[in-house]
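K.L.:
Have a look at this one before I ask anything.
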Amino acid sequence: MQLIETVAAMKAQVAAWKAEGLTIGLVPTMGSLHAGHESLMDAARAVCDRVVVSVFVNPLQFGPDEDYEAYPRDIERDGATCAAHGADAVFHPTPEDMYGPAHNTYVVMETLTDALCGASRPGHFRGVCTVVTKLFNIVRPDKAFFGQKDAQQLAIIKRMVADLNMNVTVVGCPIVREADGLAKSSRNAYLTAEEREAALVLSRAIRAGEAAVAAGERDTAALKELMAAVIGEEPLARIDYIEVVDGLTMQPVETVGASALAAMAVYIGRTRLIDNFLYEEEA
Ligand code: AMP
C-alpha cells in the first residue's frame with residue numbers, strides 16, 4: 001500500500017490506473033480511523049479494483065470555535081488500518097497543497113444545508129462540498145463511499161453529484177456502533193469515562209424514536225418530544241438540535257412521510273456527538 005502525500009502524485013497514480021482500465025473506489029475520511037471507516041473500506045474493496053482512502057482534516061469545514069487543531073491525528077496508525085483493510089493508497093495531502101494561497105472557489109448548496117448540522121455549523125457543508133469536489137477531481141473515483149452516520153452529509157453529496165453531473169456513484173453505508181449502541185466516531189476519543197457512559201443517551205433516544213415510528217407514530221412534534229425527554233434524563237447531555245426532516249430535501253416536516261430522517265446533535269460535556277435514524281416506507 002502506498003502513502004501518497006501530494007495532489008500531483010495522487011493524480012499521476014490515478015492516471016496510471018485509468019490507463020490500465022481499473023476502477024477506483026474512494027473513501028473520504030478525516031483519519032483517526034475506526035470500525036465505521038473500516039466498513040466503508042471493506043465495501044469499496046468488495047467492488048472496486050483500486051481503493052483510495054483519503055485522510056485529510058479539512059480546515060474549511062471547521063468553524064472558528066471548533067476543534068480543528070485538537071482533532072485527533074495519527075497517520076501511522078491510520079496507514080496500518082488502511083493496509084489491513086486492503087486499501088491500495090492512502091491520500092494524505094497537506095492543507096497548503098489542497099488550498100493554495102490564491103484558492104478562491106467554493107461549492108455552496110442552496111437549501112439542503114439549512115437545517116440540522118448546517119444550521120448549527122455555518123459554513124460546514126460549504127467546506128465539505130468543496131473538499132469532496134476536489135477529492136473527486138483528484139482521485140476520479142467510479143464509486144465513493146460515505147456513512148449514514150453523517151446522514152445530512154450523505155444526502156448533500158448525493159444531491160451535489162446529481163446536480164453537477166459528476167461521474168461518480170455515491171454509495172451510502174450503514175452506521176457502525178459500539179456493542180452498547182454508541183455510534184462510532186473519532187470524537188468519542190474526547191469523552192471521559194463518565195461522559196462515555198452518558199453518551200449512551202443518544203442511541204437510547206434514537207432507538208426510542210425508531211420504535212415509536214415503527215409503532216405508527218407519524219407526528220414529528222411528538223417524536224421530537226419523546227427523544228428530547230430521553231436526552232433530558234441525562235444530566236451531562238445538552239441538546240444542540242433534535243429534528244425530523246424529509247429524507248431527501250432535508251427540510252423539517254410535521255408528519256413522517258415516505259422517507260424521513262430523525263437526527264440529533266447533543267453535547268456530552270464539551271463534545272458534540274450526532275446520531276440519527278432514517279425511516280423509509282416500504283414500497
Ligand atoms: P469522518 O472521518 O468523521 O469525516 O468520516 C468519514 C466517513 O466515515 C464519513 O462518510 C462518515 O459518515 C463515515 N463514518 C464515520 N463514522 C461512522 C460510523 N459510525 N458508521 C459508518 N460510517 C461512519
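The values are calculated or read from the model by the stated rules, or taken from the named source; none is laboratory data. None of the values given here were measured: they were computed from a predicted structure. Here the Cβ positions follow ideal geometry from the backbone for every residue, glycine too, while neighbour counts run over all protein chains shown. Heavy atoms of the whole protein, side chains included, go into the accessibility calculation; ligands, DNA and RNA do not. Shrake-Rupley method; radii C 1.70, N 1.55, O 1.52, S 1.80 Å.
K.L.:
Can you run the Rg to Rh ratio on region 196-283? Use alpha carbon positions and the Kirkwood inverse-distance Rh.
P.N.:
On the way: Rg = 12.6 Å, Rh = 12.9 Å.
My calculation of the ratio gives 0.97.
K.L.:
Provide the three semi-axes, in whole Å and in decreasing order, of the ellipsoid equivalent to region 127-283 as defined by the square roots of 5 times the Cα gyration tensor eigenvalues. Walk me through the intermediate numbers first.
P.N.:
Working: eigenvalues 157, 87, 31 Å².
Rounded to whole Å, the semi-axes are 28, 21, 12.
K.L.:
Kindly write out, for region 28-37 in residue order, the coupling ³J(HN,Hα) from the Karplus curve 6.51 cos²θ - 1.76 cosθ + 1.60 (θ = phi - 60°), rounded to whole Hz, with x marking Gly and Pro.
P.N.:
Calculated HN-Hα couplings, in order: x, 9, 9, x, 6, 5, 9, 4, x, 5 Hz.
K.L.:
Lysine pairs, Cα distance under 29 Å, 8 or more residues apart or cross-chain: how many in the chain?
P.N.:
Lysine pairs, 8 or more places apart or on different chains, close enough: 18.
K.L.:
Moving on to the next point. Averaging over every viewing direction, what projected area does the convex hull of the Cα atoms of region 1-73 cover, in nm²? Show your work: numbers first, answer last.
P.N.:
Numbers: hull surface 23.2 nm².
Computed as one quarter of the Cα hull surface, the answer is 5.8 nm².
K.L.:
State log₁₀ I(q)/I(0) for region 1-147 at q = 0.11, 0.14 Å⁻¹ as given by the Debye formula over alpha-carbon point scatterers of equal weight, solvent excluded.
P.N.:
-0.42, -0.68
K.L.:
Cα extents of region 92-195 along the three principal axes, largest first, in whole Å?
P.N.:
Per principal axis, max minus min of the Cα coordinates gives 45, 30, 29 Å.
K.L.:
Report the one residue of Y267, M160, G147 whose Cα lies farthest in the direction of the positive end of the charge dipole of region 125-283 (charges on C-beta: Lys and Arg +1, Asp and Glu -1; origin at the Cα centre).
P.N.:
The residue sitting farthest along the positive end of the dipole is M160.
K.L.:
Which percent, nearest 5, of DSSP beta bridges in region 13-95 are antiparallel? Before the final figure, lay out each step's value.
P.N.:
Values: 0 of 9 bridges.
Approximately 0 percent, going by the DSSP bridge assignments.
K.L.:
Roughly how many Å² of D65 are accessible to a 1.4 Å probe, to the nearest 10?
P.N.:
For D65, solvent-accessible area is about 150 Å².
K.L.:
How much of the DSSP beta bridge set in the chain is antiparallel, as a percent to the nearest 5? Please list the in-between numbers first.
P.N.:
On the way: 22 of 41 bridges.
DSSP beta bridges in the chain are roughly 55 percent antiparallel.
K.L.:
Hey, what's region 1-157 come to in accessible area per residue, 1.4 Å probe, Å²?
P.N.:
Numbers: 6620 Å² over 157 residues.
For region 1-157, the per-residue accessible area is 42 Å².
K.L.:
Next up: Mean residue ellipticity at 222 nm from the helices of the chain, using -39,500 (n - 2.57) per DSSP H segment of n ≥ 4 over the full residue count, to the nearest 500 deg cm²/dmol?
P.N.:
-11500 deg cm²/dmol
K.L.:
For region 141-212, report the translational diffusion coefficient in µm²/s to the nearest whole number, using Stokes-Einstein at 20 °C, 1.002 mPa s, and a Kirkwood Rh over Cα pairs.
P.N.:
Estimated diffusion coefficient is 151 µm²/s.
K.L.:
Within region 1-105, which GluC sites (Glu not before Pro) sit in a loop by DSSP and count at most 10 neighbouring Cβ atoms inside 10 Å? Don't skip to the end; give the middle numbers.
P.N.:
On the way: sites: E5, E20, E38, E66, E69, E76, E96; in loops: E5, E20, E66, E69.
Those that pass, being in a loop and sparsely packed, are E20, E69.
K.L.:
Okay, next question. P(r) of the chain in 10 Å steps, Cα pairs, percent per bin?
P.N.:
Reading upward from the zero bin: 6, 28, 36, 22, 7, 1.
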